[in-house]
1. What about Arg111, is it farther than 28 Å from Asn34 by Cβ, modelled with pLDDT of 70 or more and within 27 Å of the chain's Cα centre (by Cα)?
2. Of all the helices (runs of 4 or more DSSP H) wholly in the range 1-91, which have at least 1 residues that are open to solvent by less than 70 Å² (accessible area, probe 1.4 Å), in contact with a helix residue (DSSP H, G or I) (Cβ under 6 Å, 6 or more places away or on another chain) and not polar (S, T, N, Q)?
Amino acid sequence: MDKLRIDKWLWAARFYKTRSLACDEIGKGRVQVNEQDVKPARELKVGDVVQLRQGAIVRTVTVLGLSDQRGPAPVAQALYAETEASIAQRLQAAELRRMGTEPALTLEHGRPTKRDRRELQHQWDARWSASIK
């Protein structure tokens, strides 16, 4: 096998769970081969450099092998080699996420506590009393 469609290879290398997800990401311009935008039918060969964006992370891999069958993870990882710069960038992004603030601390509004509900009920009773005086 000399050439293989890029969407099949991305699926077989376990970058995406289904071929249709791989096609969608390619269509959105998140996958490039040799620094060029591609279509899902683009044929990939050994030695090509694939750059793909998954969320905020950009991964750059070199194609080492071709397979049109999705196998276990160790077999899939043998199909490519990630560049050193890509690995360093991914580790740096993971460190930034780890050192980031706790998302729950930034919430100002959310589900009220029991104390908050009592205060709201007290305010409601004081403002909108239906009793006749």
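1. Working: farther than 28 Å from Asn34 by Cβ: yes; modelled with pLDDT of 70 or more: yes; within 27 Å of the chain's Cα centre (by Cα): no.
For Arg111, the condition - farther than 28 Å from Asn34 by Cβ, modelled with pLDDT of 70 or more and within 27 Å of the chain's Cα centre (by Cα) - is not met.
2. Values: elements: 6-12, 19-27, 73-77.
Ranges flagged: 6-12, 19-27.
The values are calculated or read from the model by the stated rules, or taken from the named source; none is laboratory data. Note that the structure is a prediction, hence the values are computed from the model and not measured. In this analysis, Cβ positions are derived from the backbone assuming ideal geometry, glycine residues included, and neighbour counts consider all displayed protein chains. Just so you know, the surface numbers come from the protein's heavy atoms only, side chains and all, with ligands and any DNA or RNA stripped out. Shrake-Rupley method; radii C 1.70, N 1.55, O 1.52, S 1.80 Å.
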